[in-house]
Amino acid sequence: MAQQIIFYILAIIISLFSIMAVTSKQIIRSATYLLFVLIATAGFYLLLGYNYLFAVQVAVYAGGVMVLFIFAILLTNRPGESHENELPVRRIAAGITAVAGLALSAHIIYWNIKKISQIVTISDISPAQLGHTMLGTGKYQYLLPFEVISILLLACIVGAIMIARKR
């Protein structure tokens, strides 16, 4: 019963701060709201008993990635500077794209949830198996996406530095 209450509290926190991160007009506040989302996600890992993933989520994402985001924001944008409002056509296009992305995600989750539950249950995964899955090179292993994300983050840093140098 207590776990369900904690789950619902974390779900509400993640939902509210996600909406606030997307709708905030000040980019530093958006990054702060994203930090709260990442910390609440770490709470989910702790609730599931994945202490290692909890620590990684807090150290890597809530710590390292958020510092990277803040540096990128401060290097590429001048906080407090006023910007023009978006055209209504762009807002409509963004809304349609968001709804389409949500529908696609729901479709993928709906059709694959049975497959996922048949493959593995939470109690079947040991930390060693999780490590081999995250850093393995075989089928259904994630070393390549992990490396692609690291290259993407490096490209973001280099791009932020180049844009900041031009100013």
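The values are calculated or read from the model by the stated rules, or taken from the named source; none is laboratory data. Because the structure is a prediction, the values reported are computed rather than measured. Cβ coordinates were reconstructed from backbone atoms using ideal geometry, including for glycine residues, and neighbour counts include every protein chain displayed.
Listed here are the residues, each with its yes/no results for (1) surrounded by 15 or more Cβ atoms within 10 Å (Cβ to Cβ); (2) of a type outside the set (D, E, K, R); (3) closer than 17 Å to residue 11 by Cα.
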| residue | (1), (2), (3) |
| --- | --- |
| 27 | yes, yes, no |
| 30 | yes, yes, no |
| 33 | yes, yes, yes |
| 37 | yes, yes, yes |
| 46 | yes, yes, yes |
| 50 | yes, yes, no |
| 55 | no, yes, no |
| 61 | yes, yes, no |
| 72 | yes, yes, no |
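Just one of the listed residues (17, 44, 69) is within 19 Å of residue 127 (Cβ to Cβ) and without any contact (Cβ under 8 Å) to a residue 60 or more places away in the chain, and it is 44. The set of residues from segment 119-129 being among the hydrophobic types (A, V, I, L, M, F, W, C) and at pLDDT 75 or above comprises just one member, 128. Annotation note: Cβ proximity below 7 Å between a residue of segment 24-39 that is closer than 20 Å to residue 56 by Cβ and a residue that is of a type in the set (S, T, N, Q) (sequence gap 6+ or interchain) occurs for 37/18; 38/57. Considering only residues in segment 130-167 that are outside any helix (DSSP H, G or I) and modelled with pLDDT of 75 or more, the one that is nearest to the chain's Cα centre (by Cα) turns out to be 142. Listed conditions (1) in contact with a helix residue (DSSP H, G or I) (Cβ under 6 Å, 6 or more places away or on another chain); (2) in a helix (DSSP H, G or I); (3) modelled with pLDDT under 75 are all met by residue 116, apart from (1).
The condition of being modelled with pLDDT under 85 and of a type in the set (Val, Ile, Thr) holds for only one of 6, 70, that being 70.
Here residue 105 fulfils each of the conditions (1) at pLDDT 80 or above; (2) in a loop (DSSP other than H, G, I, E, B) apart from (2). Residues that are of a type in the set (S, T, N, Q), closer than 20 Å to residue 7 by Cβ and in contact with a helix residue (DSSP H, G or I) (Cβ under 7 Å, 6 or more places away or on another chain) within segment 18-68 comprise 18, 41, 57, listed in sequence order.
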